[in-house]
Amino acid sequence: MPQDEYENEYEKGTIARVLHYITHLIKYKDKHSMDHNGKVKNQKFPSILEEKFRTMFEPNSQRLSSEKNTFLINHVLVLTLFDDGYRSDISDIAKDLKIGVVELRKHWLELGCKLVREKNTVFATLHVPLTFPVNRQKKRKM
């Protein structure tokens, strides 16, 4: 297999694993939300993911606190940005997370994304590499 094909297959596999992980995160959120339905309540996760999610979000609780829920949503958004090439359609993700677009916009803005409208679709974009402000030290007068 030529090097380019190998790298392309590796990249496809990475994207598939990220999407699979995002799917499990969303199901975990649904399972531990107030308005979950019966199908999701009995959702089984691979044991390694169940343990990881339990330690990341709520070790001994049936419901996610608002802080942990926000953390989970932000986690999903960062992964979708990575997967979509740092440009994600916010309405699709809002449907998957079962939250309003307006509420989701707040999360995107908190992550430092810019919201860009193209035709009838709003995209959250994150320009990479990130540049942070540089602290300038004032010179002391002697």
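Restricting attention to the range 58-89, which residues are assigned to a helix (DSSP H, G or I) and hydrophobic (A, V, I, L, M, F, W, C)? I'd like the intermediate steps shown before the answer.
First, the residues of the range 58-89 that are assigned to a helix (DSSP H, G or I): 66-83.
Those that are assigned to a helix (DSSP H, G or I) and hydrophobic (A, V, I, L, M, F, W, C): 71, 72, 73, 76, 77, 78, 79, 81, 82.
Hey, does the range 131-139 have a residue that's of a type in the set (A, V, I, L, M, F, W, C), over 15 Å from residue 77 (Cβ atoms) and surrounded by fewer than 10 Cβ atoms within 10 Å (Cβ to Cβ)? Give the steps one after another, and end with the answer.
Of the range 131-139, the ones of a type in the set (A, V, I, L, M, F, W, C) are 132, 134.
Next cut, over 15 Å from residue 77 (Cβ atoms) only: 132, 134.
Still in the running and surrounded by fewer than 10 Cβ atoms within 10 Å (Cβ to Cβ): 132, 134.
Scanning the range 131-139 turns up at least one residue that is of a type in the set (A, V, I, L, M, F, W, C), over 15 Å from residue 77 (Cβ atoms) and surrounded by fewer than 10 Cβ atoms within 10 Å (Cβ to Cβ).
Among (1) aromatic (Phe, Trp, Tyr); (2) modelled with pLDDT of 90 or more; (3) open to solvent by 90 Å² or more (accessible area, probe 1.4 Å), there is one condition residue 123 misses while meeting the rest; what is its number?
Condition not satisfied by residue 123: (3).
So which of 40, 76 ends up being among the β-branched types (Val, Ile, Thr), modelled with pLDDT of 90 or more and at negative phi? Outline the logic, then answer.
Details: 40 fails: modelled with pLDDT of 90 or more.
Going through 40, 76 in turn, the sole match is 76.
Six or more apart or on different chains, Cβ under 6 Å: which pairs go from a residue in the range 71-100 that's among the acidic types (Asp, Glu) to one that's assigned to a helix (DSSP H, G or I) and surrounded by fewer than 16 Cβ atoms within 10 Å (Cβ to Cβ)? Could you list them?
Short answer, once both residue conditions are applied: 83/15; 83/18.
Let's see how each residue does on (1) assigned to a helix (DSSP H, G or I); (2) in contact with a Leu (Cβ under 9 Å, 6 or more places away or on another chain); (3) modelled with pLDDT of 90 or more:
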| residue | (1), (2), (3) |
| --- | --- |
| 22 | yes, yes, yes |
| 28 | yes, yes, no |
| 55 | yes, no, no |
| 112 | no, yes, no |
| 127 | no, no, no |
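Which residue pairs have Cβ atoms under 8 Å apart, sit 6 or more places apart or on different chains, and have a first residue in the range 101-113 that is closer than 17 Å to residue 85 by Cα and a second that is open to solvent by 90 Å² or more (accessible area, probe 1.4 Å)?
Close Cβ pairs (under 8 Å, with a partner that is open to solvent by 90 Å² or more (accessible area, probe 1.4 Å)) amount to 112/130.
Given the conditions (1) assigned to a loop (DSSP other than H, G, I, E, B); (2) modelled with pLDDT of 90 or more, which single one is not true for residue 138?
(2)
So which residues in the range 87-103 are within 13 Å of residue 124 (Cα to Cα) and open to solvent by 80 Å² or more (accessible area, probe 1.4 Å), if there are any at all? Break it down stepwise before answering.
Step one: filter the range 87-103 for residues within 13 Å of residue 124 (Cα to Cα), giving 87-94, 101-102.
If the condition is that a residue be within 13 Å of residue 124 (Cα to Cα) and open to solvent by 80 Å² or more (accessible area, probe 1.4 Å), then 87, 102 are the ones that fit.
The values are calculated or read from the model by the stated rules, or taken from the named source; none is laboratory data. In this text the structure is predicted, and so the values were computed from the model without any measurement. With ideal geometry, Cβ positions are generated from the backbone for all residues, glycine too; neighbour counts draw on all protein chains shown. Please note that ligands, DNA and RNA were not included when accessible areas were found on the heavy atoms of the full protein model with its side chains. Shrake-Rupley method; radii C 1.70, N 1.55, O 1.52, S 1.80 Å.
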